[in-house]
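Here is the structure we will look at, set down as structure tokens.
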Amino acid sequence: MQLHERAVAAGVRLTAHAVLGSTNAHALSLARRGERGPLWITAERQTQGRGREGRSWVSEPGNLHATLLLTAPGLMQHWPQLSFVAALALHDALTEVGPPIRHRLAIKWPNDLLLNEAKLGGILIEGESTGHKPVAVGIGVNCVSHPGIPGYPTTNLHAAGIAVSAAALFSVLSKTMLARLAQWNRGEGFPTVRLDWLERAVAIGHRISVRAPAGTVSGAFESLDERGRLLLRLADGRLSAISAGDVIVAASAQSCA
């Protein structure tokens, strides 16, 4: 793995590993020992890769497993916005390395990357309020393989005809992430990040369901609010702001993204 020259010039660093339990866990462990960002941590394979809500993330060799460690990147209430920043950076990188898939890529709230309506990559943001207030921005992309999950479509770049290595994708990602972080500007630029995200989102204006902690709710995906919450127009006309959950999108809505 190598950083893009623009990332190097900006003072970003990289540590690359053959095997780690979790790049996010390793990043936060380094931070507790005094390490500061911006620092990328990559692994060819993870033995304890994880996704949102404690789910496991299958981390086979040939795919991208990377975490960007940031140090106090802004006010803590703005940290969840990094999901949208990272999703845009990954979308930018994927369209640069694979131009033919540009119109087949979409972002599913809050931070899954879909290709041909199947999950291609995911993002996990984890932070700690102690010490230097580190934040780990974890990114996983299926480059050459993907897990088979019943009832949950998944895919990889090679299956879509994009023969790009994890290393090549990572180099571009280290550049696009730098640009999107600058756009975000520690939270001050989230209004423009939000607009860019909405332009790439799946199912805007269409009916979706959201499995939230309080239960499943359905309605029309109207927009995002200024905090990044999903705005769902319910059948009774009320607008519900959802902070966390799993979006379920009908195939007809995905094809309209």
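When you scan segment 156-189, how many residues do you find that are open to solvent by less than 50 Å² (accessible area, probe 1.4 Å) and either of a type in the set (S, T, N, Q) or part of a helix (DSSP H, G or I) (or both)?
Qualifying residue count, segment 156-189: 18.
Which condition from (1) surrounded by 15 or more Cβ atoms within 10 Å (Cβ to Cβ); (2) in contact with a Ser or Thr (Cβ under 6 Å, 6 or more places away or on another chain) is the one that S218 breaks?
(1)
Just one of L181, L113 is under 25 Å from F221 (Cα atoms) and either out of contact with any strand residue (DSSP E or B) (no Cβ under 6 Å at 6 or more places or on another chain) or at pLDDT 95 or above (or both); which is it?
L113
Can you list residue pairs whose Cβ atoms sit under 8 Å apart, with the first residue in segment 235-248 being closer than 20 Å to V202 by Cβ and of a type in the set (V, I, T) and the second being open to solvent by 40 Å² or more (accessible area, probe 1.4 Å) and in a loop (DSSP other than H, G, I, E, B)? Count only pairs 6 or more apart in sequence or on different chains.
The qualifying pairs are I242/R229.
Looking at segment 80-93, can you tell me whether even one residue there is surrounded by fewer than 21 Cβ atoms within 10 Å (Cβ to Cβ), at pLDDT below 95, under 22 Å from I41 (Cβ atoms) and touching a Gly at 6+ places or on another chain (Cβ under 7 Å)?
Yes, there is a match, as at least one residue in segment 80-93 is surrounded by fewer than 21 Cβ atoms within 10 Å (Cβ to Cβ), at pLDDT below 95, under 22 Å from I41 (Cβ atoms) and touching a Gly at 6+ places or on another chain (Cβ under 7 Å).
How many of the residues in segment 18-34 are under 22 Å from E126 (Cα atoms), in contact with a Lys or Arg (Cβ under 9 Å, 6 or more places away or on another chain) and open to solvent by 50 Å² or more (accessible area, probe 1.4 Å)?
1
From R211, R227, grab the single residue that is farther than 14 Å from N111 by Cα, outside any strand (DSSP E or B), modelled with pLDDT under 95 and of a type outside the set (A, V, I, L, M).
Just one listed residue meets the conditions, R227.
With (1) of a type in the set (S, T, Y); (2) buried (at least 24 other Cβ atoms within 10 Å of the Cβ); (3) in a loop (DSSP other than H, G, I, E, B) as the list, and S145 as the residue in question, which single condition is left unmet?
Condition not satisfied by S145: (2).
Has segment 42-50 got any residue that is over 28 Å from V247 (Cα atoms), modelled with pLDDT of 95 or more, assigned to a loop (DSSP other than H, G, I, E, B) and not β-branched (V, I, T)?
No, segment 42-50 contains no residue that is over 28 Å from V247 (Cα atoms), modelled with pLDDT of 95 or more, assigned to a loop (DSSP other than H, G, I, E, B) and not β-branched (V, I, T).
Could you say whether any residue in segment 2-10 is modelled with pLDDT of 95 or more, open to solvent by 60 Å² or more (accessible area, probe 1.4 Å) and within 13 Å of A166 (Cβ to Cβ)?
yes
Based on what the data block shows, is G62 open to solvent by less than 40 Å² (accessible area, probe 1.4 Å), outside any helix (DSSP H, G or I) and at positive phi?
yes
The values are calculated or read from the model by the stated rules, or taken from the named source; none is laboratory data. Source: prediction; values computed, not measured. As a convention, Cβ positions derive from the backbone with ideal geometry for all residues, glycine included, and neighbour counts pool all protein chains shown. SASA here: full protein model, heavy atoms, side chains in, ligands and nucleic acids out. Shrake-Rupley method; radii C 1.70, N 1.55, O 1.52, S 1.80 Å.
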